[in-house]
Amino acid sequence: MATLDDEREYVERCKAGLRRMLDGARNNVIVGETVAGDRYSAERLGRHLKSLAKELSEEPEGPPFFGRLDFGPGSAEHAGRAYHIGRRHITGEHGGPPVVIDWRAPVSRAFYRASARDPQGVDVRRRFGWSGTTLTGFEDERLSRGEEGESKILAAEIERPRVGPMRDIVATIQPEQDDLVRAGLDTTICVQGAPGTGKTAVGLHRAAYLLYAHRQRLERAGVLVLGPNRAFLGYISAVLPALGEVDVEQTTLERLLATVPVTATDDEATAVVKHDARMARVLHKALYGRIAKPAEPVAVPDGSYRWRVYEDELRRVVDDTRRESLPYGVGRERVRARVVEAIRRQAEARGQTANAAWLRKIGRGVTPWLDQVWPSAKPEEVLYELLRGPSPGAPDPAAGLLTDAERAALTWRRPPRSAKSAKWSAADLVLLDELAAMIERPRGYGHVIVDEAQDLSPMECRAVARRSEHGSLTVLGDLAQGTTPWAATSWPERLELLGKPDGRVIALTTGFRVPAAVVELANTLLAALPVDVPATRSYRSDGRLRVLRVPGLEKGVVEAVREAFAFEGSIGVITADADTEAITAALWNEGLDVNGCLSVLPASLCKGLEYDHVIVAEPAAIVEAERRGLNRLYVALTRAVSRLDVIHTRPLPPQLAHAS
Ligand SMILES: Nc1ncnc2c1ncn2[C@@H]1O[C@H](COP(=O)(O)OP(=O)(O)OP(=O)(O)O)[C@@H](O)[C@H]1O
């Protein structure tokens, strides 16, 4: 077996390989500019080669590999071979076999899946330990001899302090996670995972895997990652680039739908109505209610002559087109085309030939009639009319669908003068998107990954469904962490709304973030939440939990932060939203730098984030602040990687009381 010195020598071969690849890529850029047959392919080829060269030169220098597989005689395909596994493929010398295999390649799978019970042909699995880019050691498991042990390298990686943004987990993906990462492109999966079970990590690695396995298809169609807020996106934004994938769109649903600026807020009752699935039918009625029954013939001037099509035929055209369920804008053009066609038939019957210019002219002539019968529509105008409330005598699209109280909640108290001067809320963006999609089909993606999906409303689910209609979804969430008024209580119902009723629901229960003592506290609270999800088991036996009752909240938090500075890693103070300002000020006044590794954040923004040391200030206030305050507290308590301090002046919520 190779010794540490041999492996260090191998590192040098890898570095030489990378240099060769970079030189080759740069060279190809120059050659590529001259070889392609036409300008279009020259440009495409040039762009591809340039991006490869750029990718290689900009890739952060990290360890070239993290694992090695030595296959024994039991392997049909790889007997006697050894492979180093890394974040990216590194080519060998003179077209020889690669020196490093990409972690996503089929052969790498055994690194994650082989076990003493099922060695999958692997004789030895080796994990490497690194300090920066220096190889410091390795651990071997002789799987063929039944050896498989606790890995110190694995434990150290999972327990390492969190500094900076989230890192990739390619070196330590667990078998149940690997199953999800490598699920096929045509499969929609829904991962119900307790806090810290790696849902986000799995989603991001699945994006990288799918891009590797289906590069061509997905480069064309695109991959979209949707997260709950900017802080979360900032935290995860480095993972995919570190895996060599820079072309994945990562955003929030609000930003994706932001066709107009958000300058208004809704109260909860209004937002609840706007996010209700029935709004889809209300909007449909509002839009299609604009279509009028043709009551008069259309007369289209053509020189001194006027072509006519009569009401009966026009009604048939409009009714047939409506039945075809086309997008509204396409329907309008279809009606125009059918009227033009009727006129063309008349013209030909009179011996006149219809050329393209004549057909275009007739089409333009139909416009004034079309504007009456099937007027063009802008989402803002339709929503403006709906939110302004029904005009006297006109039918109300909400009638029979919403109750009077709901209709009242939907209607603007002080309607703006026009659609242009209207102020839109975040919920309005979702309604505008629904309307826009009824008018014209939106762009879809090949694969969409939605994180914190339990918080999506039915209308938001529809917005995601439209974007993944011809692709698949990775739905990540935890019913216990649902905090919106419309949060999901069951996955099959949400999958239905997401347009993927056959999506597979899989539960992850091993937590890699939160230490056992903290998990135990969180699990007591979980038992009191009205959701049916399995409790977490922590992978980590380390960690510390303190529950401290103090006389003054600010002073207590300052004290806890001072003590936290004694440890390595990030510190997060999570407070009720109303307390954030006062606590931040108290920390400033005590000279504690609220930048760098210390952050103070309102409970409403802590979803998906993690800190080495977490201080949760006044749980009772967090619970009281909102309807799903207990769920919010559950999120706050599960952000800690190593230590959690719960600081309180008031009694703890009864669901936690026995913890004090
Ligand atoms: N196999 C693994 N090896 C090493 N670290 C892991 C592994 N799986 C997850 N982690 C780490 O555990 C932490 C939690 O992972 P992640 O944020 O993906 O969990 P989550 O299920 O999305 O949590 P939450 O529901 O609380 O947002 C992260 O720091 C992640 O890197």
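Each reported figure results from applying straightforward, stated rules to the coordinates on display, with no laboratory input. Keep in mind it's a predicted model, so treat the numbers as computed, not measured. Don't worry about glycine lacking a Cβ; one is built from the backbone with ideal geometry, like all the others, and counts go over all protein chains shown.
Tabulated results
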quantity: Share, in percent, of DSSP beta bridges within the chain that are antiparallel, nearest 5; calculated: 30 percent
quantity: Volume in Å³ per residue [convex hull over Cα atoms, computed for the chain]; calculated: 219 Å³
quantity: Estimated FRET transfer efficiency (Glu520, Phe565; beta-carbon r; R0 30 Å; 0.05); calculated: 0.70
quantity: Anchor Lys15: lysines whose Cα lies under 24 Å away (excluding residues fewer than 8 positions away in-chain); calculated: Lys50, Lys54
quantity: Candidates per trypsin sites (Lys or Arg not before Pro) in the stretch 324-387, loop by DSSP, up to 10 other Cβ within 10 Å; calculated: Arg350
quantity: Zone of Ser541's modelled label, taken as backbone nitrogen in the stretch 189-232 under 12 Å from a point 7 Å along Cα→Cβ; calculated: none
quantity: Arg230-Ala2 FRET efficiency (beta carbon distance; Förster radius 56 Å; 0.05 resolution); calculated: 0.75
quantity: Cα-based reach from Lys423 at 18 Å (exclusive), listing lysines while leaving out same-chain residues under 8 positions away; calculated: Lys274, Lys378
quantity: Packing-based exposure ordering (other Cβ within 10 Å, fewest first) of Met21, Met1; calculated: Met1, Met21
quantity: Degrees between helix 516-528 axis and first principal axis of the chain (Cα, 0 to 90, nearest 10); calculated: 40 degrees
quantity: Contact order relative to length of the chain, as percent, for alpha carbon pairs under 8 angstrom and 6 or more apart; calculated: 13 percent
quantity: Aspartates and glutamates with Cα under 15 Å of Lys500, excluding same-chain neighbours fewer than 8 positions away; calculated: Asp186, Glu460, Glu469
quantity: Rounded to 5, percent antiparallel among DSSP beta bridges of the stretch 59-128; calculated: 85 percent
quantity: Förster radius 41 Å - calculated FRET efficiency between Glu268 and Ala155, Cβ distance, rounded to 0.05; calculated: 0.35
quantity: Length added when fully stretched, Tyr310-Val505, from 0.36 nm per residue minus Cα-Cα; calculated: 64.6 nm
quantity: Cα-based radius of gyration of the stretch 263-336 once divided by 2.2 N^0.38 Å, which approximates compact folds; calculated: 1.65
quantity: Ranking of Leu656, Leu256 by count of other Cβ atoms within 10 Å, fewest first; calculated: Leu256, Leu656
quantity: Residues His613, His94, His78 arranged by fewest to most Cβ contacts within 10 Å; calculated: His94, His78, His613
quantity: The chain: calculated mean residue ellipticity at 222 nm from DSSP helix runs of at least 4, using -39500 (n - 2.57); calculated: -13000 deg cm²/dmol
quantity: Contour excess over end-to-end distance, with Cα ends at Glu9 and Arg113 and 0.36 nm allotted per residue; calculated: 34.7 nm
quantity: Whole-angstrom gap from the stretch 594-657 to the stretch 481-511, using each part's C-alpha centre; calculated: 24 Å
